[in-house]
Amino acid sequence: MAAACVKGLGFLLFVWLARVLSVEEYAKFGILYGAQTGVAAFAQAGILECAIGQLQRYQSARARSELFGALIGIFLLCGTLSAGVVVCGYSLATQVFSLRELYLFALAAGVGLLTAFGALEAGFLRLEERHEAALAWSSFFPAMTYVGGALVCLAAPSAGAFFAGGLGGVLLGFGIALRRGMGWFGVRRPATVVDHWPQLVAPYLVVAIVGWLSGYGANGLIRALTSTEEVARYTFLFTLASIPQLLATSMNQVWSPRFYRIIHELPPIEVERRNRRFFLWQGLALGVCGTCLLLAYVFGLEFVGGHVNAYKGLGYGLTLLAGSYIVSIPWWHAQNYFFVHSQGRLLMRITIHAGVVGFALWAALIVWYGSAGLYLGFAVQVAIRSLWIWVVAHRRWGIRFPWQGILAGSAGLLSTCALLTWWRG
């Protein structure tokens, strides 16, 4: 619930920023936010998984402290390297090399590092079953970032102001946590505690890169291949599409633990029957959510006012982004089987291979068709990834394709888009 509230706060804030910032500034915000999320994802990739794999060797409180200190050392190394790579990569992609712009990228990278540290600390605390403290780290840090950014933007609306305020907010939260001793702050040399950690982290880092490029991380690619205005439009629509994403995540969090239980208790046919029923309901829910979102976008955007009017006429793009979560149903269906059968490495290889093919096609569609190719390409790369993992899972465990949920969800959403297109002429 707390995570949903924080994400809801972020959604409202990003829509508000689209209202108060010019298209150029909002595009800059999207690029900087992409850099922030990239640094955050890469800095912590695989570290918590390393902790889970090493827990049996570190049972006492002192031993756990040494383990977490070594993992924080890995985080600092990976985070510093990630910040440098992301800032340089974005500078090359956007052809921006001025000191002021590099300073803004540094602000975004700083926010990304500190929020990633908060997420890592929350993960450590959950392993210790200290859930209240974990909740404070996982929710308080992002909330402080949003509040700090919003307050500074009220005084001086700009992308740079948001990240300056966000960094101030997260530093304040970090100071409070440090003063109250919430978590671990000691650092140890990783090699003294965790053997072969680069090999352990590397696969998760590649998966994090693929996931990042499927979200705000694509802004660098979009800017390199299209225009600043297109970055702003994609950022706005992707923010709106976070609503069905949140719904899908919430439903999966409820279903997955139940699936992990019944797969050991029921015959495979009955398990698949229950899977089919759940994903049918999920498809329907995502279809209704996407339809309501599309209607709200078409009829409600004018009431928001401000610079949001610059993002009208993109219903097809929002339809494809929202529909991509319906197309993701086979991925979620198959992914549970990989988890329950401990096939994490195979899942990583599928993610990497499907991601490379999908992103290549996405980039090609952007080059060929411009704005239309941007949103079509997003849906295509999601479909490739979903189909790829389902084919592998079908060969291994004989699972059925969850076409009922995809059909039920897509029918309403696509029909609504077609009717709105016809009605508006």
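We did not get these values from a lab; they are worked out from the coordinates using the rules stated. Predicted model, so just to flag it, every value in this text is computed and none were measured. Cβ placement follows ideal geometry from the backbone for every residue including glycine, while neighbour counts extend to all protein chains displayed.
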Segment Arg345-Ala411, length gained on full extension (0.36 nm per residue, minus Cα span): 20.3 nm
HN-Hα J couplings of the stretch 386-398 from phi, Karplus 6.51/-1.76/1.60, θ = phi - 60°, integer Hz, Gly and Pro as x? 5, 5, 4, 5, 5, 4, 5, 5, 5, 5, 7, 10, x
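Multiply the residue separation of Lys312 and Val288 by 0.36 nm, subtract the distance between their alpha-carbon atoms, and state the gained length in nm to one decimal.
Details: separation 24, 0.36 × 24 = 8.64 nm, distance 2.13 nm.
Net length gain for the segment: 6.5 nm.
Of the listed peptides 198-205, 34-41, 241-248, what is their order by residue-averaged count of other C-beta atoms within 10 Å, with the highest listed first? Each step should come with its number before you reach the end.
Numbers: 198-205: 16.5, 34-41: 26.8, 241-248: 20.0.
Order by mean packing, descending: 34-41, 241-248, 198-205.
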Extreme residue, positive dipole direction of the chain, given options His264, Phe278, Ala143 (C-beta unit charges): His264
From zero up to wherever the largest Cα-Cα distance of the chain sits, split into 10 Å bins and tell me the percent of pairs in each. 4, 20, 31, 28, 14, 3, 0
Pairwise label distance in nanometres, Tyr369 with Ser227, each label 7 Å out on the Cα-Cβ vector: 1.9 nm
Whole-Hz couplings from phi, Karplus 6.51/-1.76/1.60, listed for the stretch 318-328; x for Gly and Pro: 5, 4, 5, 5, 5, x, 4, 6, 5, 5, 7
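In which sequence would Lys312, Lys28, Lys7 go, from the one with the fewest C-beta neighbours within 10 Å to the one with the most? Could the numbers behind the result be given before it?
Values: Lys312 11, Lys28 27, Lys7 17.
Neighbour counts put them in this order, fewest first: Lys312, Lys7, Lys28.
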About the Cα centre of the chain, what is the dipole size in debye to 20, counting +1 per Lys and Arg Cβ and -1 per Asp and Glu Cβ, all else neutral? 740 debye
What is the extension gain from Val304 to Ile262, computed as 0.36 nm multiplied by their sequence separation minus the C-alpha to C-alpha distance, in nm to one decimal? 10.5 nm
Simple spin-label model, 7 Å along Cα-to-Cβ: Gln253 to Thr80 in nm? 3.4 nm
Using θ = phi - 60° and the Karplus curve 6.51 cos²θ - 1.76 cosθ + 1.60, what whole-Hz ³J(HN,Hα) does each residue of the stretch 348-363 get, with Gly and Pro shown as x? 5, 5, 4, 4, 5, 5, 5, x, 4, 5, x, 6, 5, 5, 4, 4
Among 271-279, 402-410, how do they line up from the highest to the lowest mean number of other beta-carbon atoms within 10 Å? 402-410, 271-279
